[in-house]
Amino acid sequence: MKLWLKGALTGMLILLLSGCQGNELAKETEAFTINGSEYEFQLPAGWEPEEDYQTTFNEAAVFGAEDRNSRAVMFIRGEASEPFSVEQLAAETEEQVSKHYLLETAEIEEFEVAGRPAIHYLIPSVYEKKRVWLDIYYVVTDSNLVSFQYYRPKDNSANKQQAVIRQSVESLELTYLGTASAKDKTEEEAAVQFTGYKIEEDQLIIRYVLTNKGTEVIIPSEKWESLVTLEQGDRMLLQEEKAVQDNPDIAFLQQTGNQPLSNNQSAESAAVYQLIGKEAVMLTFDSAVFNGKEPLIIPVSE
């Protein structure tokens, strides 16, 4: 009997310790950068950063991680933005979320992170053909709107996992305000964030987020073309109307890039270019809008 009790108590202790560990944050902080501004936050304990997060999770991501136990995943994105009020944040994010999800199915909660407005959308979704909960958190900072997206299983631990994820988001800190912040660019017509690229079917596909900082309505694709020059060898590349490979995500982003963008609105778009050989492509950026960013060389062939 004593041996049985000892074993039972040991098992209960292990279960209790496992439960506690699942509700803690990692002691070490993780870092990421958006538009020159640097941030830190703590992942939930047991989560590990994903090195190839743009390929694995999202091409526009600036950070990504996975829970090795539950197989939940997360990634972070961001866009240049003036500090929003609670009302502005709700209006801006509802517009963004409604483009991809039914707001009628979402639970929405407003809260604060370090005294700044934040909002949480809890949405039933599907990830890798499995039903999951999607948590989208938007957090206002001095220079950017930071977005956290978590895909987690629908199981008995869902509520506990949501609580620790919320703690992780609330641990966000701005550690360095970059000189390319939206605050420093109020006199310019646009702020642009280059978020990633890939090569498919001899076409270069570039994704970017553009924010209209001027008073006039602009077209993102036209503004992008005026701010970024692409050259392959001695020839200049121009945007194509559509990608060769049928990709609904890219088609949607291209369509978004051709829609009018009003003052202080942001849009994620894609630019498609037909390659003319195997030479590397050089992107040259407008020095004012991109804060003196050096040209980017994209290799076409290994």
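The values are calculated or read from the model by the stated rules, or taken from the named source; none is laboratory data. Nothing here was measured: the structure is a model prediction, and the numbers come from that model. Cβ atoms come from the backbone with ideal geometry, glycine included; neighbour counts cover every protein chain shown. Please note that ligands, DNA and RNA were not included when accessible areas were found on the heavy atoms of the full protein model with its side chains. Shrake-Rupley method; radii C 1.70, N 1.55, O 1.52, S 1.80 Å.
If Asp246 meets every condition in (1) part of a loop (DSSP other than H, G, I, E, B); (2) under 24 Å from Met282 (Cα atoms); (3) not polar (S, T, N, Q) apart from one, which number is that one?
(2)
With respect to Glu268, determine if the residue is closer than 23 Å to Glu79 by Cα, crowded, with 20+ Cβ neighbours inside 10 Å, out of contact with any Ser or Thr (no Cβ under 6 Å at 6 or more places or on another chain) and not hydrophobic (A, V, I, L, M, F, W, C). First the steps, then the outcome.
Details: closer than 23 Å to Glu79 by Cα: yes; crowded, with 20+ Cβ neighbours inside 10 Å: yes; out of contact with any Ser or Thr (no Cβ under 6 Å at 6 or more places or on another chain): yes; not hydrophobic (A, V, I, L, M, F, W, C): yes.
So Glu268 fits the description; yes.
Hey, among the residues in the range 45-84 that are in contact with a Gly (Cβ under 8 Å, 6 or more places away or on another chain), of a type outside the set (Ser, Thr, Tyr) and not in a loop (DSSP other than H, G, I, E, B), which one's nearest to Thr29 (Cα to Cα)?
The selected residue is Pro49.
If we keep just the residues of the range 148-177 that are open to solvent by less than 10 Å² (accessible area, probe 1.4 Å) and assigned to a strand (DSSP E or B), which is nearest to Lys213 (Cα to Cα)?
Among residues in the range 148-177 that are open to solvent by less than 10 Å² (accessible area, probe 1.4 Å) and assigned to a strand (DSSP E or B), the one nearest to Lys213 (Cα to Cα) is Phe148.
What about Gln239, is it in contact (Cβ under 8 Å) with a residue 60 or more places away in the chain and not small (Gly, Ala, Ser)?
no
Run down Ala8, Ala31 and say which single residue is at pLDDT below 95, more than 21 Å from Lys160 (Cα to Cα), of a type outside the set (S, T, N, Q) and outside any helix (DSSP H, G or I).
So the residue among Ala8, Ala31 that is at pLDDT below 95, more than 21 Å from Lys160 (Cα to Cα), of a type outside the set (S, T, N, Q) and outside any helix (DSSP H, G or I) is Ala31.
Can you tell me which of (1) within 23 Å of Ala190 (Cβ to Cβ); (2) free of Cβ contacts under 8 Å to residues at least 60 places away in the same chain is the one Glu79 doesn't meet?
(2)
Test Ile136 against the stated conditions and say whether it is crowded, with 19+ Cβ neighbours inside 10 Å and outside any helix (DSSP H, G or I).
The answer is yes for Ile136.
Do the conditions hold for Glu112, that is, is it in contact (Cβ under 8 Å) with a residue 60 or more places away in the chain, surrounded by fewer than 21 Cβ atoms within 10 Å (Cβ to Cβ) and within 28 Å of Glu38 (Cβ to Cβ)?
When the stated conditions are applied, Glu112 does not pass them.
What are the pairs, 6+ residues apart or on separate chains, where a residue within the range 159-184 that is closer than 19 Å to Val73 by Cβ and at pLDDT 70 or above has its Cβ under 7 Å from a residue that is part of a strand (DSSP E or B) and β-branched (Val, Ile, Thr)?
Cβ pairs passing all conditions: Val169/Val113; Val169/Val139; Leu172/Val113; Leu172/Val139; Leu172/Val146.
When only residues in the range 211-234 that are under 19 Å from Val272 (Cα atoms) and of a type in the set (Gly, Ala, Ser) count, which is surrounded by the most Cβ atoms within 10 Å (Cβ to Cβ)?
Looking at the filtered set, the residue picked out is Ser221.
Residues that are of a type in the set (A, V, I, L, M), at pLDDT 90 or above and under 25 Å from Asn35 (Cα atoms): does the range 207-216 have at least one?
no
When both residues are 6+ apart or on different chains and their Cβ atoms are under 7 Å apart, which pairs have a first residue that lies in the range 194-210 and is on the phi > 0 side of the Ramachandran plot and open to solvent by 10 Å² or more (accessible area, probe 1.4 Å), and a second that is at pLDDT below 85 and of a type in the set (S, T, N, Q)?
Glu201/Gln245
For Glu94, work out the one condition from (1) open to solvent by 60 Å² or more (accessible area, probe 1.4 Å); (2) closer than 29 Å to Lys198 by Cβ it doesn't fulfil.
(2)
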